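The values are calculated or read from the model by the stated rules, or taken from the named source; none is laboratory data. What you are looking at is a predicted structure, and each value in this text was computed from that prediction instead of being measured. Positions of Cβ are backbone-derived with ideal geometry, glycine not excepted, and every protein chain shown enters the neighbour counts.
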Amino acid sequence: MNNEPFWYKTAVFYELYIRAYQDSTGDGHGDFRGAIQHLDHIQSLGVDCIWIMPHYASPLKDDGYDIADYYQVHPDYGTLEDFKAFLDAAHARGLKVVTDLVTNHTSDQHPWFQAARQDKNSPYRDYYVWSDTGTEYSDARIIFLDTEASNWTYDDVAGQYFWHRFYSSQPDLNYDNPQVHEEMFNVIRHWLDMGLDGFRVDAIPYLYEREGTNCENLPETHAFLQKMRRMVDTEYPGRVLIAEANQWPEDLLPYFGTEENPEFQICFHFPIMPRLYQAVKSGDKTPIEEIWARTPDIPKNAQWMTFLRNHDELTLEMVTPEVRQWMWDNYAPDPRMKLNLGIRRRLAPLLDDNKAKWFLLHTLFLSLPGTPIVYYGDEIGMGDNIWLPDRHGCRTPMQWNSEKNGGFSNAAETYFPIHTDPVYGYQTRNVAVQEKDSTSYLNLMRFLLKARQSVPAFGDGVFEFVGTGSRSVMAYTRSIPNQTVLCLFNLSDQPQNAHLNLPDTFTDLLAANPAMQYQLAPDGQALKIAPFAAHWFL
Ligand code: BGC
């Protein structure tokens, strides 16, 4: 395992949904014991760290992001011993593991909320945020727009309104109460004591509420996050904290904190993601250049985290209303594909199952600054099921082989139906089939991750755009002392001429792949670049 202190700066992550991975008990739900059987698969991709979606006891109104007991594993997933066995097995393979930590809210089934609602004088009453009128903080936006009409919900038992930024079954905790800080710190200790490598801390912009603000990114929130980091650094040095804050780059910067008062080592860079899709659809690099122009420099030991897809809808919160509409028009032709301010589809269907576009998008994603995360199933181009409710259509069982239930489970029924359609069905789209095909998504992913991992400059290198004289041709360098990679892409489906100087000698790291081989030809004074071509010149 890489125990170098800043390992996360050059790492690649894999997002794992335990329920979807492998059912070892025959109940139709994946579990930790099942996931252990597939650690070889995860390792074979060439990733360094696994992020597990919430594994806690929960009524699953928000698929585990509604926690009813922070100290227990959801019984569908196994026991604390099973969790520990998974952790140890991952570590034995050199893989680190982080889990979600949901700090902003609990489930309404959590004993704290149950005690709070039943007794105004209970010490737990003040763990949550209450109102007699439900009119306060009216400048705070509603996030789950398709289901929630207000951030306040009246609770008959309590006789008051309670505050929630997500589903009304997820009451927000009250961070003005220092007791809540202590509770959360004890939760952190419980899991880090078991050897966990860190947390992806969920929904952190919303911890505090203040009248007259939008209740996001408040100074009080940053003060708490600094306190949390201090605790972790003191008691568990070397563990990593990742900020999930869906915000503009300038509002993300403070989540890294300062040298004296750090907050997170890593922050998700949400705004870059939709712009990558915009660029490959429009054949125009401008949106990518614009968002990097707006992205501040980050502290020396900090890192961005990037992704193409995850377990949520492809969020369009960080684009203008015009771009959002353009993205919906281009990527969500069926109204069922839209959800809140986003698109509930998986990567391969978004790209029309076009491997050249998939390859191009990944070569961008894996060479731009940031620690990339691969979402489970996207390594084999899994499909989505837009007819399932909420975001579940992107959380269906992993497709291992063409046997019953794709090898995921031998139960009569699985937690969600596995894909059986002619294109994305498990019968043909599965790990076993793709293992044997050198041009499969799976083997391309392995090829790309290996190529990325062989170039330290991709982890930590200085990033600089290079002019090409064409909006469709993007070029940039990533460099560290003694290593420079020039990355060159044609974002369009037509050959393009570009003007740029290539070094006298170089190796194209992408040229060795069996599926996508792009010729680069001189054309007079220019270079002719093939449609959707990608080159990484070392
Ligand atoms: C998670 C969502 C979840 C929400 C509320 C988000 O940031 O990614 O899946 O519904 O937080 O916990």
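Given the criterion outside any helix (DSSP H, G or I), under 19 Å from the mean Cα position of the chain (by Cα) and touching a residue at least 60 places away in the same chain (Cβ under 8 Å), identify the matching residue among TYR70, TYR65.
TYR65 is the lone residue from the list that is outside any helix (DSSP H, G or I), under 19 Å from the mean Cα position of the chain (by Cα) and touching a residue at least 60 places away in the same chain (Cβ under 8 Å).
Before we move on, is PHE264 under 30 Å from ASP493 (Cβ atoms), under 18 Å from the mean Cα position of the chain (by Cα), not acidic (Asp, Glu) and not in a helix (DSSP H, G or I)? Let's see the steps before the verdict.
On the way: under 30 Å from ASP493 (Cβ atoms): no; under 18 Å from the mean Cα position of the chain (by Cα): yes; not acidic (Asp, Glu): yes; not in a helix (DSSP H, G or I): yes.
No.
Report, ordered by the first and then the second residue, all pairs with beta carbons closer than 8 Å, sequence separation of six or more or different chains, a first member in the stretch 254-265 that is within 16 Å of ASP297 (Cβ to Cβ), and a second member that is of a type in the set (Asp, Glu).
Here the result reads PRO254/GLU263; TYR255/GLU263; PHE256/GLU263; GLY257/GLU263; PRO262/ASP233, each pair linking the stretch 254-265 to a residue that is of a type in the set (Asp, Glu).
Of all residues in the stretch 141-159, which are away from the ligand (no atom under 15 Å from the Cβ) and crowded, with 20+ Cβ neighbours inside 10 Å?
The answer is TRP152, and nothing else.
All but one of (1) part of a helix (DSSP H, G or I); (2) within 16 Å of the ligand (Cβ to nearest atom) hold for HIS311; which doesn't?
Of (1) part of a helix (DSSP H, G or I); (2) within 16 Å of the ligand (Cβ to nearest atom), only one is false for HIS311: (1).
Give the residues of the stretch 340-375 that are of a type in the set (S, T, N, Q) and touching a Phe, Trp or Tyr at 6+ places or on another chain (Cβ under 8 Å), sorted by residue number.
Correct list: ASN340, THR363, SER367, THR371.
Select from the stretch 51-108 the residues that are away from the ligand (no atom under 16 Å from the Cβ), aromatic (Phe, Trp, Tyr) and crowded, with 17+ Cβ neighbours inside 10 Å and list them in ascending order.
Matches in the stretch 51-108: TYR77, PHE83, PHE86.
In the stretch 486-520, which residues are exposed (fewer than 12 other Cβ atoms within 10 Å of the Cβ), at pLDDT below 90 and over 26 Å from ASP437 (Cα atoms)?
ASN501, PRO503, ASP504, THR505
Scan the stretch 162-214 for residues that are more than 16 Å from the ligand (Cβ to nearest atom), surrounded by fewer than 21 Cβ atoms within 10 Å (Cβ to Cβ), within 23 Å of the chain's Cα centre (by Cα) and of a type in the set (A, V, I, L, M, F, W, C) and report the count.
1
Please determine, by comparing only the residues of the stretch 293-311 that are surrounded by fewer than 17 Cβ atoms within 10 Å (Cβ to Cβ) and out of contact with any helix residue (DSSP H, G or I) (no Cβ under 7 Å at 6 or more places or on another chain), which one is nearest to ALA348 (Cα to Cα).
Applying the filter and picking the extreme gives ALA293.
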